[in-house]
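What follows is a single structure, written as structure tokens, with notes after it.
The values are calculated or read from the model by the stated rules, or taken from the named source; none is laboratory data. From a predicted model like this one, the values you see are computed outputs, not experimental measurements. Counting neighbours? That spans all protein chains shown, and the Cβs are built from the backbone with ideal geometry, glycine included.
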Amino acid sequence: MRSFITIICLSACSAMANQVDTDKITDIEDSTTYTQMIRGGVGLIQTPTARMREEGSFTANYNDIDQYRFWTASIQLFPWMESTVRYTDVRTQLYSPFESFSGNQTLKDKGIDVKFRLIKENFYLPDVSVGFMDIGGTGFFSSEFVNFSKAVGPIDFHLGFGTGYLGAGGNITNPLCELKDSFCERPGGFSGRGGKIDFNEFFKGPSSVFGGIEYRTPIDGLTLKLEYDGNDYVNDRAGVLEQDSKWNYGAVYRYKNWDFNLSYQRGNTIGFGVSYNLNLHTVEQVKLKTPPRPIVNSTPVESMESVDRSRMYNDLINDGGFLINSAHEEDKQVIYYGRQLAFKDKDESIERIGRILASELPDSVESYRIIEGSSNIPLLETEIDANEFKIAAAYKALDTDIKNSYERKDPSADIFEHFDPNKTSGFSLGAEAFWIQTFGSPEDFYLYQGGAFVNATYTFNPNFSVRSGIKVTVVENFDKFRFLVDREESALPRVRTQVREYVTRSNVTMENTYLHWFDKVGTNTYAQAYAGYLESMFGGIGGEVMYRPVDSNIYFGLDVNYVQQRDFDSETDFFDYKALTGHASIYWEPEFLPNMQLSISAGQFLAKDKGVNIDFAKRFDSGIIVGAYAAFTNVSAEEYGEGSFTKGFYISIPFDLFTFTPAKGRGRIPWVPIGRDGGQMLQRPVKLRSLTEVRSPFYD
């Protein structure tokens with residue numbers, strides 16, 4: 001997990017790569033042709049190479065080599081950084097010796113790899129990368145390596161130096177051992193309760209050189225591989241593996257987005273696998289949508305009295321995705337309040353709305369003011385200069401840009417004065433799908449729960465409402481849990497580890513029911529308060545304040561909550577456990593890491609441990625967001641339990657990728673290696689970060 005945190009420490013890698021780029025760089029190889037090694041990540045067969053795929057590349061892999069099966073996912077987060085997550089099935093070992101605990105399930109292990117490019121290949125220099133394998137966990141394949149790769153025509157040459165698993169054969173003396181004796185021996189085991197990065201192991205112990213060549217044959221899609229392996233496999237987790245040869249041979253055939261590989265390893269073992277490739281920047285769905293309205297030959301009406309408002313409002317929702325709930329019109333300006341329902345790109349949204357207004361409203365109107373809000377609270381004003389917009393939209397001048405014709409800003413005072421929505425109270429219903437999953441449990445490798453949240457809201461006025469959510473389970477296999485309560489003693493209150501009881505108690509449960517208040521309380525400042533059953537495990541009262549300027553790359557929030565643990569045997573009762581929890585948060589999109597958001601929240605967690613939660617989120621052009629988080633508190637690894645600290649990954653996918661018409665909204669798929677009680681945050685039912693997202697969108 002901390003591999004993502006290492007991005008900050010090694011961000012100099014990016015700068016170094018940029019310095020090396022010169023006019024003499026030649027695009028010798030197409031990075032999309034680089035294939036995966038069996039444990040995931042760009043490589044030969046058993047060993048990695050220095051190569052990187054293009055940014056946004058995502059590869060899901062399955063590989064089978066007799067004693068092992070590997071499920072891996074590799075992603076190119078930046079041009080200079082590759083990260084891989086992996087699950088290993090050790091067929092020769094059982095998960096545990098206790099049949100009542102894990103049955104006949106074979107041993108499973110999870111691992112994380114990360115690789116950084118130090119130098120990008122040019123005419124003279126090779127690609128140079130440094131990498132770390134299995135850096136957080138039990139260290140089955142823990143390794144460190146430095147790689148060099150250089151292409152000559154269709155042949156790619158690779159040479160590497162590795163320690164740990166990659167260097168177990170010890171075919172050379174570790175050169176770092178000459179500098180300091182501590183590099184001569186590699187510490188055994190893993191620190192804490194697993195899940196931590198063992199920095200004291202890096203580049204220590206026996207070392208080996210490894211490498212090989214790849215030949216991209218004239219047959220389209222076929223690559224042949226020859227590899228020299230630096231491992232001897234005598235201390236393997238699957239047991240001693242017989243090695244009759246140091247040379248491995250392989251072939252990969254690519255058909256469209258699929259790679260099929262076959263290999264002959266150790267002189268006695270056949271391996272095979274399949275990979276699926278896509279790019280998170282370019283993945284898209286075919287859309288059935290009308291193009292933005294042309295205004296070249298449009299003839300606006302002469303006065304506001306002549307405007308066909310019914311037609312214009314219908315066009316705004318059908319062609320512009322903008323649903324109006326209030327309007328204020330004058331001779332020289334119009335103000336339209338509403339919500340964008342379809343177009344997630346803010347510039348496309350405004351251009352479509354502006355073109356409709358320019359073709360329907362008289363030329364006397366000098367300003368179109370579009371107000372977007374949430375819960376009937378105006379949040380964002382986009383003021384369009386009508387004349388400048390028409391010149392740009394009609395292509396009357398070469399040096400004009402539609403984006404220069406409008407300004408996004410904090411709603412001014414008169415916006416609130418003129419806001420008079422037709423409906424400020426009433427009842428509404430909604431539904432959304434959910435999916436809960438866990439990998440690597442003793443009872444079964446993959447446990448899941450899926451269904452729908454049915455949400456109901458009654459709004460009393462623009463500020464105050466009551467909300468409720470019911471969780472309906474449609475499919476699940478959590479009945480495979482053999483133990484309802486983890487038997488391991490815990491130094492912390494059980495704020496999350498009784499999740500089994502909450503998940504399995506019923507197919508229909510009350511997720512939340514609470515009162516909610518929300519309003520703007522100052523310039524760029526918003527506040528909310530809530531009370532009731534706030535999530536499946538806790539209820540209570542809380543509040544939040546957020547300072548969020550329009551289109552700022554940094555904003556701040558503070559939340560405070562007093563909560564009590566809900567009884568898992570009852571929808572309405574509580575246990576005795578109570579806690580004060582809350583965090584001061586900063587949300588930052590650094591300019592040197594484009595399309596990435598860093599969120600840091602410091603405070604007290606549900607188990608009353610104190611510390612900080614750090615979240616990294618990377619957004620791709622398709623709208624897909626890949627993120628990782630970790631919580632570091634004053635609880636020791638021994639007190640925390642297995643995993644040593646809270647961490648997890650997630651992918652957030654916009655619904656727009658699944659629909660044939662433009663759509664907003666998104667779904668989140670989490671992956672939590674193991675959940676314990678330390679570093680756990682309250683899952684507040686509504687967050688100002690989401691309510692005010694339109695002001696500086698990252699997720700929308």
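Every residue in the range 650-664 that is touching a residue at least 60 places away in the same chain (Cβ under 8 Å) and either touching a helix residue (DSSP H, G or I) at 6+ places or on another chain (Cβ under 7 Å) or surrounded by fewer than 21 Cβ atoms within 10 Å (Cβ to Cβ) (or both), please.
Within the range 650-664, Pro654, Leu657, Phe658, Thr659, Phe660, Thr661, Pro662, Ala663, Lys664 meet the criteria.
List every residue pair whose Cβ atoms sit under 6 Å apart, with the two residues 6 or more apart in sequence or on different chains, where the first one lies in the range 610-633 and is assigned by TED's automatic domain parsing to the domain that holds Pro670 and in a strand (DSSP E or B) and the second, anywhere, is modelled with pLDDT of 95 or more and of a type in the set (Phe, Trp, Tyr).
The qualifying pairs are Ala628/Phe616.
Only residues that are in contact with a strand residue (DSSP E or B) (Cβ under 7 Å, 6 or more places away or on another chain), of a type in the set (S, T, N, Q) and exposed (fewer than 15 other Cβ atoms within 10 Å of the Cβ): list them for the range 490-519, please.
Asn507
Go through the residues of the range 129-149 one by one and say whether even a single one is at pLDDT 90 or above, of a type outside the set (Val, Ile, Thr) and surrounded by fewer than 19 Cβ atoms within 10 Å (Cβ to Cβ).
no
Does the range 609-619 contain at least one residue that is within 19 Å of Gly540 (Cβ to Cβ) and either surrounded by 20 or more Cβ atoms within 10 Å (Cβ to Cβ) or among the polar types (S, T, N, Q) (or both)?
So far as the range 609-619 goes, yes, one or more of its residues are within 19 Å of Gly540 (Cβ to Cβ) and either surrounded by 20 or more Cβ atoms within 10 Å (Cβ to Cβ) or among the polar types (S, T, N, Q) (or both).
Could you give me the residue pairs with C-beta distances under 7 Å whose first residue belongs to the range 47-69 and is in the same structural domain as Gly212 (by TED's automatic domain parsing), whose second residue is of a type in the set (Asp, Glu) wherever it lies, and which are 6+ apart or on separate chains?
Thr47/Glu227; Thr47/Asp229; Ala50/Asp127; Arg51/Asp127; Met52/Glu82; Tyr68/Asp89; Arg69/Asp89
Out of the residues in the range 560-591 that are of a type in the set (Phe, Trp, Tyr) and more than 18 Å from Arg496 (Cα to Cα), state the one that is surrounded by the most Cβ atoms within 10 Å (Cβ to Cβ).
Tyr587
What is the residue count in the range 134-163 for residues that are under 19 Å from Gly212 (Cα atoms) and either in contact with a helix residue (DSSP H, G or I) (Cβ under 7 Å, 6 or more places away or on another chain) or part of a loop (DSSP other than H, G, I, E, B) (or both)?
4
Going residue by residue through the range 187-201, is there one that turns out to be assigned to a loop (DSSP other than H, G, I, E, B), out of contact with any Leu (no Cβ under 9 Å at 6 or more places or on another chain) and at pLDDT 85 or above?
Scanning the range 187-201, I find no residue that is assigned to a loop (DSSP other than H, G, I, E, B), out of contact with any Leu (no Cβ under 9 Å at 6 or more places or on another chain) and at pLDDT 85 or above, so the answer is no.
Take the conditions touching a residue at least 40 places away in the same chain (Cβ under 8 Å), in the same structural domain as Lys647 (by TED's automatic domain parsing) and among the polar types (S, T, N, Q) and apply them to Ser599. Does it pass?
In short, no.
Pairs only if they're at least six apart or on different chains, beta carbon under 9 angstrom, first in the range 423-442 and touching a residue at least 60 places away in the same chain (Cβ under 8 Å), second among the acidic types (Asp, Glu); list them, first residue then second.
Partner pairs satisfying both residue conditions: Ile436/Glu476; Gly440/Asp109.
Of all residues in the range 436-450, how many are at positive phi and assigned to a strand (DSSP E or B)?
Going through the range 436-450 one residue at a time, the tally reaches 0.
Within the range 361-369, can one find any residue that is under 28 Å from Thr459 (Cα atoms) and crowded, with 18+ Cβ neighbours inside 10 Å?
Yes - at least one qualifying residue is present in the range 361-369.
Could you grab me the full set of residues in the range 520-559 that are in contact with a Pro (Cβ under 8 Å, 6 or more places away or on another chain), surrounded by 19 or more Cβ atoms within 10 Å (Cβ to Cβ) and of a type outside the set (Ser, Thr, Tyr)?
Once the filter is applied, which keeps residues that are in contact with a Pro (Cβ under 8 Å, 6 or more places away or on another chain), surrounded by 19 or more Cβ atoms within 10 Å (Cβ to Cβ) and of a type outside the set (Ser, Thr, Tyr), the range 520-559 yields only Leu534.
Looking only at the range 103-117, decide whether some residue is in contact with a Phe, Trp or Tyr (Cβ under 6 Å, 6 or more places away or on another chain), more than 20 Å from Ile197 (Cα to Cα), modelled with pLDDT under 95 and part of a helix (DSSP H, G or I).
no
For the subset of the range 221-245 comprising residues that are closer than 15 Å to Ile65 by Cβ and of a type in the set (A, V, I, L, M, F, W, C), which member is surrounded by the most Cβ atoms within 10 Å (Cβ to Cβ)?
Looking at residues that are closer than 15 Å to Ile65 by Cβ and of a type in the set (A, V, I, L, M, F, W, C), I get Leu241.
Quick check on the range 351-360: of everything there that is among the hydrophobic types (A, V, I, L, M, F, W, C) and more than 10 Å from Gly321 (Cα to Cα), which residue is farthest from the chain's Cα centre (by Cα)?
Ala358
Pairs needed: first member in the range 334-348, more than 18 Å from Tyr313 (Cα to Cα); second member anywhere, hydrophobic (A, V, I, L, M, F, W, C); C-beta distance under 9 Å; at least 6 residues apart or different chains.
Lys344/Ala663; Lys346/Val694; Asp347/Ile402
Scan (1) modelled with pLDDT of 95 or more; (2) outside the structural domain of Trp247 (by TED's automatic domain parsing); (3) crowded, with 16+ Cβ neighbours inside 10 Å for the single condition Gln265 breaks and write down its number.
(2)
Within the range 252-262, how many residues turn out to be surrounded by 15 or more Cβ atoms within 10 Å (Cβ to Cβ) and more than 26 Å from the chain's Cα centre (by Cα)?
4
Only one of these conditions is not met by Asp315: (1) charged (D, E, K, R); (2) modelled with pLDDT of 95 or more; (3) closer than 21 Å to Arg408 by Cα. Which number is it?
Just one mismatch for Asp315, condition (3).
Need at least 1 residues that are touching a Ser or Thr at 6+ places or on another chain (Cβ under 6 Å) and aromatic (Phe, Trp, Tyr) per element, so show me which strands (runs of 3 or more DSSP E) inside the range 337-423 make the cut, counting only ones lying wholly within it.
Where strands (runs of 3 or more DSSP E) fall fully within the range 337-423 and carry at least 1 residues being touching a Ser or Thr at 6+ places or on another chain (Cβ under 6 Å) and aromatic (Phe, Trp, Tyr), they are 406-409.
Can you find even one residue in the range 271-289 that is without any contact (Cβ under 8 Å) to a residue 40 or more places away in the chain, in a loop (DSSP other than H, G, I, E, B) and either touching a Gly at 6+ places or on another chain (Cβ under 7 Å) or closer than 30 Å to Ile391 by Cβ (or both)?
No, the conditions are met nowhere in the range 271-289.
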